[in-house]
Amino acid sequence: MSDGYATLLAEKEIADPDTGIIDPVEIHPMLFPFQRDIVRWALRRGRAAIFADCGMGKTFMQVEWARIVAAYTGQQVLIFAPLAVANQTIREGHKIGVPIVYAKNQSEAVGAVVITNYDRMDGFDLSTFGGVVLDESSILKSFTGATSSALVERCGSVPFRLACTATPAPNDYMELGTHAEFVGAMSRPEMLATFFTHDGGSTQSWRLRGHANVDFWRWLCSWAVMIRRPSDLGYDDDGFVLPPYHLHQHTVEADPLDGELFAVEAQTLGERLAARRESVNERAAECAAIVNSTPGFWVIWCNLNAEADALARLIPDAVEVRGSDDVAVKESRLLGFSDGEFRVMISKPSIAGFGMNWQHCPNVAFVGLSDSWESYYQAVRRCWRFGQQNDVHVHMIAAETEGAVVANIKRKDAQAAALAEEMVKHMQDLNAEALHGTTRQREVYERDTATGEGFTAHLGDCVDVLRDMDSESVHYSIFSPPFASLYTYSAIDRDMGNCRDHDTFYEHFGYAVAELFRVLKSGRLVSFHCMNLPTSKVRDGVIGLRDFRGELIRLFESHGFIYHSEVCIWKDPVTAMQRTKALGLLHKTIRSDSAMSRQGIPDYLVTMRKPGENTEPISHTHESFPVSLWQRFASPIWMDINPSDTLEFRTVRDDDDEKHICPLQLGVIRRGIELWTNPGDIVLSPFMGIGSEGWVALQEGRQFVGIELKRAYWSRSVKNLAEATAQKGHDLFSVTGAA
């Protein structure tokens, strides 16, 4: 194997290397053992994310990380935090001897560790900082896409980066993608292309590929650590046991909405908002009755200003924080509640639902509920967190017409708990490995060979196997190459479909094309089956098509091949629409904006020729190749290819396979072999799959050499090739010496 190919494979390994502080560092003894180990790991990583549930000490960990990075680099470290959390962070820093300066702009940034708010980013030159911390980093979803992108981009030049948040929404892969971009592990489009598949017509519907289930979590744990309780990583849970949590639902009567005879449960977003506005006074009165008769501290969450106004009138000792308040007023009231100066706090989750530590408050009320589970979860966790000494009581107050909202929140709460449990389970051992230096077994690359009458089937990387073959030893090659990252069949780095981007794919495939040129006889042909590739907004930035066919032709030409011919293979657009739900093929797109409508995507069989004289002419008799048959083959468009004319593949499909195995239609293979080979010629497929090309080659009296990387496919292909020779019914000679 050349150094270039070995280097490519090493670069394709899905991991983000440590780039930080390797030297031993002293961590403040006030931190718990698990916190100290996480800080050391994050320092070693240099660019990392800490997903630690509420009350797990993220503030101590990020402040200690910032202190050490500032000392190591000799540069300042800047912490971005939500409003009012900044002062709370400064207080926590004092506890472990780390002075933190609260700055509104660059001119006020005078200490080693500086903290500011997210909305003041434009006042700082981030290139002057040695490290940056995003506190409550999941709040980035609350900003515009432009703001989040600008923050990620401007932090890209900062050598040390740390993102800290509670356990991210387990079903929100976009949030994980944003964090991956921030730490420089992979761009969000790269993450989606590498590990996910796009389901249906929704641009937000991404599902983890079956085969990527292990590699995705391994990659995630290379730059992120997740912990809900110390025992998740093998530590003692002493001091980190949540108190009981009690949910109370209160339903108030409501008048029917306009146009309704009876009060019915709202279903649409507009109906729920109308129901909420119509029942403000009733819900506020119910809440006030509970709060005024129950001693102790309370946090009341609302979503409408009218709700806050009504609550403030009905609860005499309440203080409110709203968006229009001056920054100083917001900070004073939030910290005042934290210090116990006020008994009741009224605010919105979007204002005070992130980052505040209110373990002194055991009572929570929601007078207004949105459909956002994360807002609800974060708001509850201000009080229900480690360090809380009392049972926590959460009161959900809704009108009878809002039942759908309450049910939706409960459903999402149960779903998120189950998904978070699954997420932690996946990451548990991997995180422990990263923190404690234990090792895990990596997938082993295998080589194997099977031979039979007329065929040799190789298990292995086609680049490796082709390099073992003699030059000028193959008469014809026909295959369907990997379609870049459109279909990914395995998690193996040697899989050419397993690429982060198109450039990597073409670099990888280029090694195989170079070897194909060498092993093919002069003047002979290689045919590849392909299609142009649809692009997506998330992965590619635009909805359209990529000229994959043309790019492959140019790749083959760059390695010496001559563009010989091509045929377009018709495909039914209705079938494609039903399978992919592609926006351009949907009939509703014609009605909404036909500028986004397009034709279906056909297949192509492109044939390239190796320069030189063909010393073994391919001749056909009139009887074997009559004019009528030649006219069909010579047509630039084949309308008569049966898309179902493929080898049976369902018996070999693994649970982890995605989409389909894409066996090439037997009719396409047969036409290529009949037209461009002589009986007894050697036919090669470097991407054998389940052996479709070999099946036809053997049936047509040719010899076959196939190469397949995935063992399940290779094993099935060997069975299929043996069956093809048995069905042929006459002797075929061994081609073991041909490879």
Worksheet item: Counting only residues that are at pLDDT 95 or above and either assigned to a strand (DSSP E or B) or outside the structural domain of Val63 (by TED's automatic domain parsing) (or both), which one in segment 81-101 is surrounded by the fewest Cβ atoms within 10 Å (Cβ to Cβ)?
Response: Val101
Discussion item. Tell me whether segment 256-269 contains one or more residues that are out of contact with any Phe, Trp or Tyr (no Cβ under 8 Å at 6 or more places or on another chain), buried (at least 17 other Cβ atoms within 10 Å of the Cβ), modelled with pLDDT under 85 and of a type outside the set (Val, Ile, Thr).
Written reply: yes
Discussion item. Exactly one of these conditions fails for Gly541: (1) modelled with pLDDT of 90 or more; (2) on the phi > 0 side of the Ramachandran plot. Give me its number.
Written reply: (1)
Worksheet entry | Val299 being assigned to a strand (DSSP E or B) and modelled with pLDDT of 95 or more | yes
Worksheet, complete the sentence: For segment 50-71, pairs from a residue that is under 23 Å from Leu242 (Cα atoms) to a residue that is hydroxyl-bearing (Ser, Thr, Tyr), with Cβ under 7 Å and 6 or more apart or across chains, are Phe51/Thr165; Phe51/Thr167; Asp53/Thr167; Thr59/Thr89
Worksheet item: List the pairs whose first member sits in segment 236-248 and is among the hydroxyl-bearing types (Ser, Thr, Tyr), whose second member is at pLDDT 85 or above, and whose Cβ atoms are under 9 Å apart, counting only residues at least 6 apart or on separate chains?
Response: Tyr245/Val380; Tyr245/Trp384; Tyr245/Asp391; Tyr245/Val392; Tyr245/His393; Tyr245/Val394
Worksheet item: Which one of Lys412, Lys330 is basic (Lys, Arg) and free of Cβ contacts under 8 Å to residues at least 60 places away in the same chain?
Response: Lys412
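Which of the residues spanning segment 44-74 are in contact with a Phe, Trp or Tyr (Cβ under 6 Å, 6 or more places away or on another chain) and of a type outside the set (A, V, I, L, M)? Explain how you work it out, then say what you get.
Our first condition is that a residue be in contact with a Phe, Trp or Tyr (Cβ under 6 Å, 6 or more places away or on another chain); within segment 44-74, this holds for 46, 48, 55, 69.
Gly46, Gly55, listed by residue number.
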Worksheet, complete the sentence: Those residues of segment 583-638 that are under 30 Å from Gly544 (Cβ atoms), polar (S, T, N, Q) and touching a residue at least 40 places away in the same chain (Cβ under 8 Å) come to a total of 2
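Conditions (1) more than 23 Å from Ser332 (Cα to Cα); (2) crowded, with 21+ Cβ neighbours inside 10 Å; (3) at pLDDT 85 or above; (4) over 31 Å from the mean Cα position of the chain (by Cα), marked per residue:
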position: Gly355; (1), (2), (3), (4): no, yes, no, no
position: His360; (1), (2), (3), (4): no, no, yes, yes
position: Asp371; (1), (2), (3), (4): yes, no, no, no
position: Ala379; (1), (2), (3), (4): no, yes, yes, no
position: Cys383; (1), (2), (3), (4): no, yes, yes, yes
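The values are calculated or read from the model by the stated rules, or taken from the named source; none is laboratory data. Everything numeric here is computed off the predicted structure, so don't read it as measured data. A quick note on method: Cβ atoms are made from the backbone with ideal geometry, for glycine too, and the neighbour counts reach across all protein chains shown.
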